[in-house]
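The values are calculated or read from the model by the stated rules, or taken from the named source; none is laboratory data. Everything numeric in this text was worked out from a predicted model, so none of it was measured. As a convention, Cβ positions derive from the backbone with ideal geometry for all residues, glycine included, and neighbour counts pool all protein chains shown. Ligands, DNA and RNA are excluded from the accessible area calculation, which covers all protein heavy atoms including side chains. Shrake-Rupley method; radii C 1.70, N 1.55, O 1.52, S 1.80 Å.
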Amino acid sequence: MKEILQDFSHKELIALAEELGEKKFRADQIYLGLMQGKKISELNVPAALRAALSERFEEEPVHILETFVSEADGTKKYLFRLADGNLIEGVLMKYKYGNTQCVSTQVGCRMGCKFCASTLNGRLRDLTAGEILSQILIVNRSEGGNLKDRAVTNVVLMGSGEPFDNYGNVVRFLRNVTAEGGIAIGARNISLSTCGLVPEMRKFAEEGIPLNLTVSLHATADEERVRTMPIANKYKISEILDACAEYFEKTGRRYIFEYTLISGENADEKHALALAKLLKGRPCHVNLIRLNEVKERSLHAAEERVAQKFLEILEQQGISATLRRSMGSDIGGACGQLRYSRIFPDGKIP
Ligand code: SAH
């Protein structure tokens, strides 16, 4: 693969232009074009400069191969083709306050959570910062958005991959996506979800990026958590809670826990009470969601009635919580349903 021009910050593009013997305003033109979701061949610069860029950089790091629209709720799922032929998925959800795009950070995932389709075939590779950013730039463009009037207003790093298993690229992406003058999505409109990689959570608290830190908890005791999340062998819930507290101390941002309700596993009243006890007094919010079933897995969703009861108990115990409705499940676009595949050399999609 060639290099990815969308990995560069505006400042780095200015240095690149200089390296190529070009004036600063050419870097500004390139930056503006890229942020508008343009390919190299569409950039509004002299043909010779476009040719020089094409030699070294990918024409289109992320391409929308197909779009699926949910009949139930209008959610869109995108099948993206990367320059090396890998295929990843992403989702755009429409809400009253704006549109939220769910982006992937890796091709696959190696965390091995038992309820999730993204990890079924392991991790193939990390995405670069520019590949993560390009998912947003091209969806914004294809939805008719521009830099002033964005079609993508919120971003969640909740697609395939564990963001903190690709730490450097993800932090670079966050700096570039929030940068003034670009697509400029505010950190407060971004949520990063992690399965709880404690050292990276600690490191991230130092970066000074005040986003919505979200942790996938899904259990209240380590010996239960390990049944569905292998990462629980490595980090204890108590360590995760300490890292969250540190994040709050450094950023002033409350944090969020994701709790997927799985029948016969973590959805009983006793689990709700244990969760409330664990989180009482902490500056956090709980997002409950009923499991989206994955055909290769034998786990089942807790019933709606059970989920409502779980929510009620948390609220009675003074815990801030919401029960999220699942979106895009009819197109395989809901939480835990995103996958990857690959275009083989004959061009066929398996
Ligand atoms: N790797 C990160 C980012 C994934 S975010 C993380 O683990 O947080 C996706 C969210 O959906 C996570 O909270 C994940 O635990 C949850 N999830 C995975 N599979 C799911 C499923 N089948 N149903 C509901 N939620 C699921």
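Points to keep in mind about this one:
- Output for segment 122-156, where each listed residue is within 16 Å of the ligand (Cβ to nearest atom), under 19 Å from GLY186 (Cβ atoms) and crowded, with 24+ Cβ neighbours inside 10 Å: ILE132, GLN135, VAL155
- Verdict on ALA321 being more than 16 Å from the ligand (Cβ to nearest atom) and at pLDDT 95 or above: no
- Filter pass, LYS280 being modelled with pLDDT of 95 or more and either within 12 Å of the ligand (Cβ to nearest atom) or farther than 30 Å from LYS77 by Cα (or both): yes
One line per residue, one yes/no per condition, for (1) out of contact with any helix residue (DSSP H, G or I) (no Cβ under 8 Å at 6 or more places or on another chain); (2) over 28 Å from CYS335 (Cβ atoms):
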{"site": "GLN6", "(1), (2)": "no, no"}
{"site": "ILE14", "(1), (2)": "no, yes"}
{"site": "ALA27", "(1), (2)": "no, yes"}
{"site": "ILE40", "(1), (2)": "no, yes"}
{"site": "VAL62", "(1), (2)": "no, no"}
{"site": "LYS77", "(1), (2)": "no, no"}
{"site": "TYR97", "(1), (2)": "yes, no"}
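- Among the candidates ARG81, ARG50, the residue that is closer than 18 Å to GLU3 by Cα, among the charged types (D, E, K, R), open to solvent by 60 Å² or more (accessible area, probe 1.4 Å) and in the same structural domain as LEU127 (by TED's automatic domain parsing) is uniquely ARG81.
- Hey, GLU265 acidic (Asp, Glu), under 22 Å from GLY336 (Cβ atoms) and over 20 Å from the mean Cα position of the chain (by Cα) or not: yes
- Residue count for segment 65-78, restricted to those that are open to solvent by less than 30 Å² (accessible area, probe 1.4 Å) and β-branched (Val, Ile, Thr): 1
So that you can scan it fast, the table gives a plain yes or no per residue for (1) within 16 Å of the ligand (Cβ to nearest atom); (2) modelled with pLDDT of 95 or more; (3) of a type in the set (Val, Ile, Thr):
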{"position": "ILE237", "(1), (2), (3)": "yes, yes, yes"}
{"position": "GLU258", "(1), (2), (3)": "yes, yes, no"}
{"position": "HIS285", "(1), (2), (3)": "yes, yes, no"}
{"position": "GLU293", "(1), (2), (3)": "yes, no, no"}
{"position": "LEU311", "(1), (2), (3)": "yes, yes, no"}
{"position": "SER329", "(1), (2), (3)": "yes, no, no"}
{"position": "ALA334", "(1), (2), (3)": "yes, no, no"}
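- When each of SER160, SER216 is tested for being touching a Leu at 6+ places or on another chain (Cβ under 7 Å), closer than 26 Å to CYS116 by Cβ and of a type in the set (S, T, N, Q), the lone residue that passes is SER160.
- Neighbours by Cβ (under 8 Å, 6+ apart or cross-chain): first from segment 51-78, basic (Lys, Arg); second part of a loop (DSSP other than H, G, I, E, B) and open to solvent by 50 Å² or more (accessible area, probe 1.4 Å): ARG56/LYS2
- 3 or more residues touching a residue at least 24 places away in the same chain (Cβ under 8 Å) and open to solvent by less than 50 Å² (accessible area, probe 1.4 Å): qualifying helices (runs of 4 or more DSSP H) within segment 170-252: 198-205, 237-251
- Residues in segment 275-295 that are touching a helix residue (DSSP H, G or I) at 6+ places or on another chain (Cβ under 9 Å) and open to solvent by less than 70 Å² (accessible area, probe 1.4 Å): LEU275, ALA276, LEU278, LEU279, PRO283, CYS284, VAL286, LEU288, ILE289, ASN292, VAL294.
- Residues considered: SER298, SER320. Of these, the only one that is among the small types (Gly, Ala, Ser) and open to solvent by 50 Å² or more (accessible area, probe 1.4 Å) is SER298.
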